[in-house]
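Student: Quick one: the structure is below, and I'll ask about it shortly.
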Amino acid sequence: MAWTYNIRGKDVDYNPVAIGYGLVGLTENHFFVHPSKLSASVLSEFNKNGIKVHPYESIIPFLNNLKESTKILVDPSLCSQTIYESINGQIISGTSISKLLKSIKNDVEINHIRNVMKKDGAALAQTFYWMETKLTHGDEITEVEVAKKIAENRSLQEFYQGESFGAIIGYKDNGAVIHYHPEPETCKKIKPDGILLADSGGQYKDGTTDITRTFALSAPTNDQKKSYTLILKGMIALSRAKFPEGTTGAQLDTLARQFLWAEGLNYGHGTGHGVGFFLNVHEPPQGFAPVHSERGQTIQLPGMLTSNEPGYYKDGEYGMRIENLILTQKSKIDGFLEFETVTLYPFEHALIEKSRLTTEEIIWINDYHQKVYADISTFLNTEVNQWFKEKCKSL
């Protein structure tokens, strides 16, 4: 309903939405929400556009009193059993119309998304410069402190509203826990040794971000470099893909896994999920996942924003994941689609085993790093900029 009625709220942590119900019709529209949550200007706009506001708790009696001839489209994946059983009318089960519509970003949103990635990347550069400097000087930092520093640097950016999810900062074996969340009482102290996984995102009025990078805090082992490079090759394969219209997420998911599979390796999560525009960081229906899921069955359409995040997790030792957001767009080849990578942050040079890369992959990485530096360097002070230039160097 936040997208349908073009509003945002603060009822749910990390997700800028209001708790409520909506009933959208051909001749009338209803919104069931606590009226105190709506400003006078929003109420005025609703009134101009024929949207009737009702108390949140009045949804059930309202549905009870519908005419039996009323036809109601209900998305079972979004509707509770209580609401479903309260409908006095002819129920048609199907996918929410707004679910698909909001997944396709318009030109204005796309331009904002490209711009928001620049300031988000700058915030990360400032954070990881701080982290590396601390570790070099022998200062003690924790997983929680890194998470807080990322949020702090994002908060300095224009239109920042908060995190898009609780940051996943996993040091060594904690990184192998896919949805690990550090807590002050139990988090690890980070030292200049081993592997660190950092997955975080921000909510801005001009877009939602989600990015993962993996860092080598000391000289990596051959096994670690192999794992990282196989993941990177998979990410590049998906990023560079050209595919016919009508291709599903399940078909594309395998592109990111192929190099791990060739070595008898895999990861136990989908390769990607849809991302909203100043909305939920996990937004259905599209994604890259096995065929039995909604994400796997949904076809990619121009304007969709989806994460590309293959990984590898060695229990008890380390976890690795690399994540960019990619935008689906029409290819120059008639009837085909391709992706534009919009996330901006360099990969970890120390973990890349160049001998495993093809010439085309090396060119792609170098071109990407060149763009990252060009787009972000102007946001950085001289000291951080010099450090960041080294991070964006060619292979």
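Student: For residues in segment 141-175 being farther than 15 Å from Gly194 by Cα and charged (D, E, K, R), which is surrounded by the most Cβ atoms within 10 Å (Cβ to Cβ)?
Tutor: Arg154
Student: Tell me, which residue of segment 218-242 that is surrounded by fewer than 23 Cβ atoms within 10 Å (Cβ to Cβ) and touching a strand residue (DSSP E or B) at 6+ places or on another chain (Cβ under 6 Å) is nearest to Ser155 (Cα to Cα)?
Tutor: Ser239
Student: Answer yes if at least one residue in segment 115-137 is under 30 Å from Ile326 (Cβ atoms), of a type in the set (Val, Ile, Thr) and surrounded by 18 or more Cβ atoms within 10 Å (Cβ to Cβ), and no otherwise.
Tutor: Yes, segment 115-137 contains a residue that is under 30 Å from Ile326 (Cβ atoms), of a type in the set (Val, Ile, Thr) and surrounded by 18 or more Cβ atoms within 10 Å (Cβ to Cβ).
Student: List the pairs whose first member sits in segment 206-222 and is in the same structural domain as Leu325 (by TED's automatic domain parsing), whose second member is of a type in the set (Lys, Arg) and surrounded by 23 or more Cβ atoms within 10 Å (Cβ to Cβ), and whose Cβ atoms are under 7 Å apart, counting only residues at least 6 apart or on separate chains?
Tutor: As it stands, the answer is Thr212/Arg321; Thr214/Arg321, since those pairs meet every condition given.
Student: Within segment 382-394, is even one residue out of contact with any Cys (no Cβ under 6 Å at 6 or more places or on another chain), more than 30 Å from Glu245 (Cα to Cα) and of a type in the set (Val, Ile, Thr)?
Tutor: yes
Student: Against the conditions (1) at pLDDT 95 or above; (2) of a type outside the set (A, V, I, L, M); (3) surrounded by fewer than 17 Cβ atoms within 10 Å (Cβ to Cβ), where does Gly311 fall short? Just the number, please.
Tutor: Here Gly311 meets the rest and fails (3).
Student: Sticking with this one: Starting from segment 320-348, take each residue that is at pLDDT below 95 and list its partners that are assigned to a strand (DSSP E or B) and of a type in the set (A, V, I, L, M, F, W, C), counting only C-beta distances under 8 angstrom and pairs at least six apart or across chains.
Tutor: Final answer for the pair search is none.
Student: For segment 202-247, give me each residue that is within 22 Å of Val177 (Cα to Cα) and part of a loop (DSSP other than H, G, I, E, B).
Tutor: Within segment 202-247, Thr209, Asp210, Leu217, Ser218, Pro220, Thr221 qualify.
Student: From (1) of a type in the set (Ser, Thr, Tyr); (2) closer than 30 Å to Thr221 by Cα; (3) out of contact with any strand residue (DSSP E or B) (no Cβ under 7 Å at 6 or more places or on another chain), pick out the condition that doesn't hold for Thr382.
Tutor: (2)
Student: Taking Val384 and the conditions (1) of a type in the set (A, V, I, L, M, F, W, C); (2) part of a helix (DSSP H, G or I); (3) surrounded by fewer than 17 Cβ atoms within 10 Å (Cβ to Cβ), which numbered condition does it fall short on, given that it satisfies the others?
Tutor: It fails just one condition, (3).
Student: If you don't mind, another one. Could you check, for segment 329-340, whether at least one of its residues is within 23 Å of Ile178 (Cα to Cα), among the small types (Gly, Ala, Ser) and in contact with a strand residue (DSSP E or B) (Cβ under 6 Å, 6 or more places away or on another chain)?
Tutor: The answer is no; no qualifying residue exists.
Student: Now for a separate question. So for segment 1-12 (the condition being in contact with a Pro (Cβ under 9 Å, 6 or more places away or on another chain) and among the basic types (Lys, Arg)), does at least one residue qualify?
Tutor: Yes; the residues of segment 1-12 include at least one that is in contact with a Pro (Cβ under 9 Å, 6 or more places away or on another chain) and among the basic types (Lys, Arg).
Student: Taking Glu263 and the conditions (1) closer than 25 Å to Met117 by Cβ; (2) over 21 Å from the mean Cα position of the chain (by Cα), which numbered condition does it fall short on, given that it satisfies the others?
Tutor: (1)
The values are calculated or read from the model by the stated rules, or taken from the named source; none is laboratory data. Here the structure is a predicted model, which is why all the values come from computation and not from measurement. We place every Cβ from the backbone using ideal geometry, glycine too, and count neighbours over all the protein chains shown.
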